[in-house]
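Enquirer: Questions regarding the structure given below will be posed in turn.
The values are calculated or read from the model by the stated rules, or taken from the named source; none is laboratory data. Treat the numbers as computed from the prediction; the structure is a model and nothing was measured. Because the Cβ atoms are built from the backbone with ideal geometry, glycine has one as well, and the counts that use them run over all protein chains shown.
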Amino acid sequence: MALEKARITPDGGQPVPVLFNPTQYTLDRSNQIAEIPVPGLGAPVLQFVCGNTATLGMELFFDTYEQQTDVREHTDRIYRLLEVDPETHAPPICTFSWGDVSLRCLIERVGGRFTLFLSDGTPVRSTLNILLKEFIEVSVEVRRNPTQSADQAKTVTVRLGDTLSGIAADQYGDPALWRPIARANRIDNPRSLEPGRVLAVPPLPPSRPP
């Protein structure tokens with residue numbers, strides 16, 4: 001059974017296969033966490049900001065010594081995936097696929113080393129270090145992780161300068177809906193919020209038809 005070759009396919013274009021499959025790759029995922037200083041506390045309050053896109057890094061090996069041909073015929077196809085399309089004003093969105101690994105991505109970086117040459121200086125061996133960054137359509141990400149979910153209970157951590165109306169605007173999409181938050185947290189003075197306090201944000205009742 002032939003070993004499946006990894007390939008990078010730009011949207012609307014032809015697949016760019018590798019000559020040799022990578023021997024390893026790195027897949028990184030992370031979150032952005034903000035540190036909010038609160039006067040009087042021994043440590044800052046941690047607040048989740050957002051998730052970061054995944055990155056996939058690997059080293060690709062190219063060798064055309066036996067064929068005595070220029071290895072750049074293969075490596076240049078990878079480099080060209082960084083070029084900006086004049087119509088979209090951006091490089092192409094690609095899909096890296098290898099076995100059960102598939103990542104829709106943009107190529108963020110390609111670094112190459114050329115290490116073997118013919119007598120006339122033609123390079124015949126190269127190693128490319130490439131970094132791919134996951135690409136997710138905005139509409140898909142919003143559906144997957146809506147920023148406003150008025151029908152679900154949640155909590156928020158008060159930051160310096162926060163107001164109930166501002167929190168209501170963030171959570172419900174309407175600053176006038178601050179009273180349910182005040183009632184749920186027994187807040188008598190909506191103008192006085194202590195930074196670092198965790199507030200319950202109750203779900204809103206379903207709206208009644210007119």
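Enquirer: Mind checking which residues of segment 165-183 are loosely packed, with under 14 Cβ neighbours inside 10 Å and not charged (D, E, K, R)?
Expert: GLY173, ALA176
Enquirer: How many residues are touching a residue at least 24 places away in the same chain (Cβ under 8 Å) and part of a loop (DSSP other than H, G, I, E, B) if we restrict to segment 68-92?
Expert: Total satisfying the criteria: 5.
Enquirer: So which of THR55, THR122, THR69 is at pLDDT 90 or above, hydroxyl-bearing (Ser, Thr, Tyr) and buried (at least 16 other Cβ atoms within 10 Å of the Cβ)?
Expert: Being at pLDDT 90 or above, hydroxyl-bearing (Ser, Thr, Tyr) and buried (at least 16 other Cβ atoms within 10 Å of the Cβ) holds for just one of THR55, THR122, THR69, which is THR55.
Enquirer: Among the residues of segment 1-43, how many are under 26 Å from the mean Cα position of the chain (by Cα) and in a loop (DSSP other than H, G, I, E, B)?
Expert: Final tally of qualifying residues: 14.
Enquirer: Here's a follow-up. Go through (1) surrounded by 15 or more Cβ atoms within 10 Å (Cβ to Cβ); (2) farther than 30 Å from GLY161 by Cα; (3) not aromatic (Phe, Trp, Tyr) one by one and return the number of the condition VAL45 breaks.
Expert: (2)
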